[in-house]
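Reviewing the structure listed below.
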Amino acid sequence: METQVDKAEKGKKLKSSKLQTDQEDLKGTFVAVLIVGGIILVGWLGVFGLFLDRA
């Protein structure tokens, strides 16, 4: 038979593991955003370089 303390401890463990999973997902999202931002920046700088070269 579970006591209320046991239930509270299980709830804390579940919340802790969920927070850790959420943070890992956000790390992947952050890396993906950095990669996309880098691609956009490189493309923009390339077009700007062409503009300066032709001017």
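The values are calculated or read from the model by the stated rules, or taken from the named source; none is laboratory data. Quantities reported herein were computed from a predicted structural model and do not represent experimental measurements. Backbone-built Cβ (ideal geometry, glycine too); neighbour counts: all protein chains shown. The accessibility values were calculated without ligands, DNA or RNA, using every heavy atom of the protein model including side chains. Shrake-Rupley method; radii C 1.70, N 1.55, O 1.52, S 1.80 Å.
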Lys/Arg Cβ at +1, Asp/Glu Cβ at -1, dipole of the chain taken about the Cα centre: which of LEU19, LEU34, ALA8 is farthest positive-ward? ALA8
Relative to the chain, whose Cα atoms define the longest principal axis, helix 4-54 and its Cα axis are tilted in degrees, nearest 10, by 0
Rank these by accessible area, largest first, 1.4 Å probe: PHE48, PHE30. PHE30, PHE48
Virtual spin-label span in nm between ALA8 and LEU34, 7 Å along Cα→Cβ: 4.0
When the accessible area of the chain is split by element with a 1.4 Å probe, what percent falls to carbon and sulfur? 68
Work out the length of the dipole vector of the chain about its Cα centre, built from +1 on the beta-carbon of each Lys and Arg and -1 on the beta-carbon of each Asp and Glu, and round it to the nearest 20 debye. 120
